[in-house]
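Working notes, beginning with the structure itself.
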């Protein structure tokens, strides 16, 4: 082997060794970089938002007429005739129906005869009492006999009063043969027909008509407990009816029950709505949109940012160095998709959405921003 070959071989061996070492270092560095990149968590982040527009609460409402009543029969008999039908407008005192009451008529005639008999008996007893008073003055009769005549006259007077009361009662029952409207309104139901047997009273099934004054409507809503303290008379609301899509009606809170239902923990709220044109109907389904003003600016977060830890409620924030910082928060009101944060967070913080439960302080993350709606 020549001297030149002896020099080339070691050099080639050194070059091959250096190349091998360099390749292994590059592979190790690439593997380390891949491991480092794999350790970085990709997260979606958002900033808290301020909201001064207040809370909108949508609840179902129950629509009722301002005044509504079921008209029952006050006397028994047969329906002789009915006059207005459903949908008819009536005024207070208008005749709705007439009831034929032959039994009441007969009882009234008998009671009138009993009253006449009682009056005649009282007249005779009273005359006798006056005569015995005169005889007692001349000591022609004993005081005992005179007292008996006076007592008999008083008893006959009581019988007259009882008979008169019975006549008045039957006359009142006779007056109920004419069923009249107790207030202005519209007939919303008719439950009887000519010739039907009428039994007096609610429990006897004597319902004849249903009358409603729909010029004004009452809307009743059950408000959740957390809004009870914010609800006052005068609080405005917006009403939306399915039969009038796209149209909104302004209403106002007129009163509340001022007590929570012990079962549902809700507050009954009554709103008033003018319906002079009769466009809306009692019994309709309505969506009631309340707008509650905020007393001050509030910070809100999506509900899916909260971590439930042993230390309490926490959110995961990301600093400028892309490291995670867990912060404890104090939650206010829950609005469903968003929550109110009272303490522990500012509007400048960057919060992770849907943070994994395994997330810890100091973890490195890669962020993708997302805008949060207030």
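The values are calculated or read from the model by the stated rules, or taken from the named source; none is laboratory data. Because the structure is a prediction, the values reported are computed rather than measured. Neighbour counts run over all protein chains shown; Cβ positions are idealised from the backbone, glycine included.
Consider segment 190-207 and keep the residues that are modelled with pLDDT under 90 and part of a strand (DSSP E or B). The one that is farthest from residue 56 (Cα to Cα) is 197.
Please count how many residues of segment 289-317 are assigned to a strand (DSSP E or B), at pLDDT below 80 and over 17 Å from residue 328 (Cβ atoms).
Selection size over segment 289-317: 2.
Residues in segment 203-212 that are surrounded by fewer than 18 Cβ atoms within 10 Å (Cβ to Cβ) and touching a strand residue (DSSP E or B) at 6+ places or on another chain (Cβ under 6 Å): 207 only.
Is it the case that residue 67 is part of a helix (DSSP H, G or I) and either touching a strand residue (DSSP E or B) at 6+ places or on another chain (Cβ under 7 Å) or surrounded by fewer than 15 Cβ atoms within 10 Å (Cβ to Cβ) (or both)? No.
Just one of the listed residues (335, 281, 290) is within 30 Å of residue 249 (Cβ to Cβ), buried (at least 19 other Cβ atoms within 10 Å of the Cβ) and either under 30 Å from the mean Cα position of the chain (by Cα) or touching a residue at least 24 places away in the same chain (Cβ under 8 Å) (or both), and it is 290.
Residues in segment 241-267 that are closer than 22 Å to residue 66 by Cβ, touching a residue at least 24 places away in the same chain (Cβ under 8 Å) and buried (at least 17 other Cβ atoms within 10 Å of the Cβ): 241, 249, 251, 256, 267.
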